[in-house]
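Engineer: Input: one structure, supplied below.
The values are calculated or read from the model by the stated rules, or taken from the named source; none is laboratory data. Quick caveat, the model's predicted, so the values are computed rather than measured. Positions of Cβ are generated from backbone atoms using ideal geometry, with glycine treated the same way; all protein chains shown enter the neighbour counts.
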Amino acid sequence: MPQIIEWKTAGENEIVWRYPVENITWGAQIIVHEYETAVFFRDGKAYDVFNAGRHTITTLNIPLLTKVLTAITGFSETPFKATVIFVSLKQFVGLFGLQAQTTEYAPLQARGSYWYRIEDSNQFVNQVVGGQSAYSSNQVIEFVRAFINEKIIDELSHYDLLSVYTRLDDTSFKVKNMLIDNMKRLGMELIDLKFEGVDTTPEWRDRLFYIKSGTMSSEVLRMETVKKSAEELGKGGGGAAIGAGAVLIQSGMSMPAQAGMAMVICPSCRTQVSAASKFCSNCGSNLQAPSKVCSNCKSSNPVDGKFCSSCGTKL
């Protein structure tokens, strides 16, 4: 009874299977089903490949391995040692999810799907199965996912946030072409890749809103500085450092809702009050009255004041 080498239990999502017996007898029957190949592998290198059909193992149909065996044993070894790796040629789908950075160091999250198949079984076994010790389907799947994530992260680092958001189809096309070349070197064909969602942090979404509106990047950063100043004043810290009547959010400037309403500092008691107020809600001072500017610290003071309320300099 000849030795039968066959992948009998190939599942729908299984990519590779290693025949568990390494002792192969001459005259063994190797059965390769449709959409499969079988690769002879020894000493970390892939040799002869069998396509679909029933084959009898002889020196004629494994010439590459026979040459190696002859050099090692003088062709006296029987049975000879080799590993048979079965490879599925079906199409597979995977999911990617990653965190990257754009050219301006904006954090970027992306997710999507990719479709691929094994194109060159010999190269695939050399580069992935043997090269990465990925002898099971789960190991291959994890390797492919990590490989694609790494390449996409590297590619996205060459794009700015606005390009990724506003020209996602173009970005996807370029990423796909990059991956086609890289996966081809591993014996795989990337059939398609699609981004299904991209996102960034709330802070960068605000910046993106202004940039898309045509606001210069420098102006966006200035507005953010004003916003942060307003938030600090809202905590009650450092209010005295801002001159009387200083408007934290300029009139006519559209800011996100979370920046809060515009505020001013009362020149008399230094309380924060709404910029729309005519009188201070704490001391009743007239906020519309003219003020004296301190020659030392440039703070505004009540017009009838004799000394600066901030530094004590005589007015």
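Engineer: What's the total number of residues in the range 161-177 that are more than 17 Å from ARG111 (Cα to Cα) and at pLDDT 90 or above? First the steps, then the outcome.
Structural biologist: Here is the first cut: in the range 161-177, the residues more than 17 Å from ARG111 (Cα to Cα) are 162, 177.
Retained after the next criterion (residues that are at pLDDT 90 or above): 177.
Here the count works out to 1.
Engineer: Then there's this: Tally time: how many residues in the range 9-19 are more than 18 Å from GLN91 (Cβ to Cβ) and modelled with pLDDT under 95?
Structural biologist: Initially, the range 9-19 is screened for residues more than 18 Å from GLN91 (Cβ to Cβ), giving 9, 18-19.
Right, trim to modelled with pLDDT under 95 and you get 9.
Qualifying residue count for the region: 1.
Engineer: Within the range 1-49, which strands (runs of 3 or more DSSP E) (wholly inside it) include 3 or more residues that are over 19 Å from MET188 (Cα atoms)? Spell out the reasoning first.
Structural biologist: Numbers: elements: 4-6, 16-18, 29-32, 36-42.
Correct list: 4-6, 29-32.
Engineer: Return the residues of the range 5-39 that are touching a helix residue (DSSP H, G or I) at 6+ places or on another chain (Cβ under 8 Å) and aromatic (Phe, Trp, Tyr); say none if nothing qualifies.
Structural biologist: Once the filter is applied, which keeps residues that are touching a helix residue (DSSP H, G or I) at 6+ places or on another chain (Cβ under 8 Å) and aromatic (Phe, Trp, Tyr), the range 5-39 yields only TRP17.
Engineer: Which condition number in (1) of a type outside the set (Ser, Thr, Tyr); (2) at pLDDT below 55; (3) surrounded by fewer than 16 Cβ atoms within 10 Å (Cβ to Cβ) is the one that GLY243 fails?
Structural biologist: It fails just one condition, (3).
Engineer: So which of VAL49, VAL93 ends up being out of contact with any Phe, Trp or Tyr (no Cβ under 6 Å at 6 or more places or on another chain) and among the β-branched types (Val, Ile, Thr)? Break it down stepwise before answering.
Structural biologist: Details: VAL93 fails: out of contact with any Phe, Trp or Tyr (no Cβ under 6 Å at 6 or more places or on another chain).
Within the list VAL49, VAL93, the selection yields VAL49.
Engineer: Kindly establish whether VAL68 is part of a helix (DSSP H, G or I), surrounded by 13 or more Cβ atoms within 10 Å (Cβ to Cβ) and assigned by TED's automatic domain parsing to the domain that holds ASP154. Walk me through how you get there before you give the answer.
Structural biologist: On the way: part of a helix (DSSP H, G or I): yes; surrounded by 13 or more Cβ atoms within 10 Å (Cβ to Cβ): yes; assigned by TED's automatic domain parsing to the domain that holds ASP154: no.
It is false that VAL68 is part of a helix (DSSP H, G or I), surrounded by 13 or more Cβ atoms within 10 Å (Cβ to Cβ) and assigned by TED's automatic domain parsing to the domain that holds ASP154.
Engineer: How many residues are of a type in the set (Gly, Ala, Ser) and not in a loop (DSSP other than H, G, I, E, B) if we restrict to the range 109-144?
Structural biologist: Let us first name the residues in the range 109-144 that are of a type in the set (Gly, Ala, Ser), namely 110, 112-113, 121, 130-131, 133-134, 136-137.
If we keep only those that are not in a loop (DSSP other than H, G, I, E, B) as well, we get 110, 112-113, 121, 130, 137.
Selection size over the range 109-144: 6.
Engineer: Could you please give the count of residues in the range 81-115 that are surrounded by 15 or more Cβ atoms within 10 Å (Cβ to Cβ), hydrophobic (A, V, I, L, M, F, W, C) and farther than 27 Å from ALA52 by Cα?
Structural biologist: 6
Engineer: Out of all the residues in the range 196-211, is one or more touching a residue at least 24 places away in the same chain (Cβ under 8 Å), assigned to a loop (DSSP other than H, G, I, E, B) and among the charged types (D, E, K, R)?
Structural biologist: no
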